1. Residue under question is Ala105, and the condition is that it be surrounded by 15 or more Cβ atoms within 10 Å (Cβ to Cβ), within 23 Å of Thr126 (Cα to Cα) and touching a residue at least 40 places away in the same chain (Cβ under 8 Å); does it hold?
2. Can you tell me which residue within region 32-73, out of those that are polar (S, T, N, Q) and at pLDDT 90 or above, is nearest to Ile10 (Cα to Cα)?
3. Given the structure, is Gly72 at positive phi, touching a residue at least 12 places away in the same chain (Cβ under 8 Å) and either surrounded by 13 or more Cβ atoms within 10 Å (Cβ to Cβ) or among the hydrophobic types (A, V, I, L, M, F, W, C) (or both)?
4. Can you list residue pairs whose Cβ atoms sit under 8 Å apart, with the first residue in region 4-29 being more than 18 Å from Leu125 (Cα to Cα) and the second being among the hydroxyl-bearing types (Ser, Thr, Tyr) and surrounded by fewer than 20 Cβ atoms within 10 Å (Cβ to Cβ)? Count only pairs 6 or more apart in sequence or on different chains.
5. Can you report the number of residues in region 81-128 which are at pLDDT 95 or above, of a type in the set (Val, Ile, Thr) and more than 14 Å from Thr6 (Cα to Cα)?
Amino acid sequence: MIVVDTHVLIWYLTGDDRLDPSHRRELQADSGSVLVPTVCYWEIALLAGRGRLELMEGTDLAELIGFVKRAGFRDAPLTAEIAILSRTLPFSHEDPADRFIAATAYALGARLATQDARLRSLPFLTFG
């Protein structure tokens, strides 16, 4: 299993060249094992609402869920365990979305697909 960080999800869905080619290959090869933390949808809505993310013309946030499902990815719901881990695991920063995403990967024993250096520095995670 692999949990995707928000930027990895966005870059994958939009075909952005910033996505590490190994991540793209892995996400395409076994899309059924790709998990999207529900906080990613919140973060995308937040970015779009602040004008920091443009969705494809004619696309609304609800359609984003359809894109994710058609890619074969599955949701990783926020659970009580993940909520607690997001506050008890040793993080070096306070970004709530990052904390929930990392805690999701940790709780599920999954690798995390991210290019975020702060997340990649966390010793309790494995990376894909």
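The values are calculated or read from the model by the stated rules, or taken from the named source; none is laboratory data. All values derive from a computational prediction rather than experimental measurement. Methodologically, a virtual Cβ is constructed for each residue, glycine included, from the backbone with ideal geometry; neighbour enumeration extends over all protein chains shown.
1. In short, yes.
2. Thr38
3. yes
4. Final answer for the pair search is none.
5. Qualifying residue count, region 81-128: 3.
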